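To start, the structure itself, in structure tokens.
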Amino acid sequence: MKIGTVLKHSLNRVTSGVARGRSGPFALVRHVGRKSGTSYETPIIVQRVAGGFVIELTYGPNVDWYRNIVAANGCSILFHGVEYPIQGLERMDVAAGLAAFTLVQQRVLRLLRREHFVMLLDAPTRPDSVSGA
């Protein structure tokens, strides 16, 4: 059995519950299957930054959930109880990706030799959704 399959059916269930909370580094990426059209939720670790979220692709860029959001050029992120629409992705170099995380997280990411970082861009805010408008 592949490690991804084991994680998908064990660890992902635990982290999905944590990601629905209002604190911590976990979020849920909500995406639609590029072939099936089925809606999915996948737990990931994110770092909130100006203009969006930085993510580290633990298993590289060939995982289904990432390929789904690339194909759609977006998704939504449920983070600390708030859903954020994402419209666009930008690959980041390692230095820029690491810089988005805390010093402790950076140390762990360096130790694990992580090298795939992506910026998920917030969708533009509609003028009629701004308070007072």
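The values are calculated or read from the model by the stated rules, or taken from the named source; none is laboratory data. Computed from a prediction, not measured in an experiment: that's the story for all the values here. No Cβ is skipped: glycine too gets one built from the backbone with ideal geometry, and neighbour counts run over all protein chains shown.
Just to be sure I understand the filter: pairs with C-beta atoms under 7 Å, separated by 6 or more residues or on different chains, first member in the range 62-75 and closer than 11 Å to residue 42 by Cα, second member among the hydroxyl-bearing types (Ser, Thr, Tyr) and surrounded by 15 or more Cβ atoms within 10 Å (Cβ to Cβ). Which pairs pass?
65/40; 65/42
Can you tell me which residue within the range 1-25, out of those that are in a helix (DSSP H, G or I) and of a type in the set (Lys, Arg), is modelled with the highest pLDDT? Before the answer, list the steps.
Applying the first criterion (in a helix (DSSP H, G or I)) to the range 1-25 yields 3-9, 11-19.
Add one more test, that the residue is of a type in the set (Lys, Arg), and what stays is 8, 13.
Numbers: 8: 52, 13: 56.
Of everything passing the filter in the range 1-25, 13 is modelled with the highest pLDDT.
With the range 26-93 as the region, which strands (runs of 3 or more DSSP E) entirely inside it contain at least 3 residues that are more than 24 Å from residue 124 (Cβ to Cβ)? Explain how you work it out, then say what you get.
Numbers: elements: 26-32, 39-49, 52-56, 74-79, 82-92.
Result: 39-49.
Which one of these is in contact with a strand residue (DSSP E or B) (Cβ under 9 Å, 6 or more places away or on another chain) and of a type in the set (Val, Ile, Thr): 70, 108, 104, 82? Give the steps one after another, and end with the answer.
Working: 108 fails: in contact with a strand residue (DSSP E or B) (Cβ under 9 Å, 6 or more places away or on another chain); 104 fails: in contact with a strand residue (DSSP E or B) (Cβ under 9 Å, 6 or more places away or on another chain); 82 fails: in contact with a strand residue (DSSP E or B) (Cβ under 9 Å, 6 or more places away or on another chain).
Matching residue, one of 70, 108, 104, 82: 70.
How about the range 97-112: which of its residues are among the small types (Gly, Ala, Ser) and either in a helix (DSSP H, G or I) or farther than 20 Å from residue 51 by Cβ (or both)? Please lay out each step first, then the result.
Let us first name the residues in the range 97-112 that are among the small types (Gly, Ala, Ser), namely 97, 99-100.
Correct list: 97, 99.
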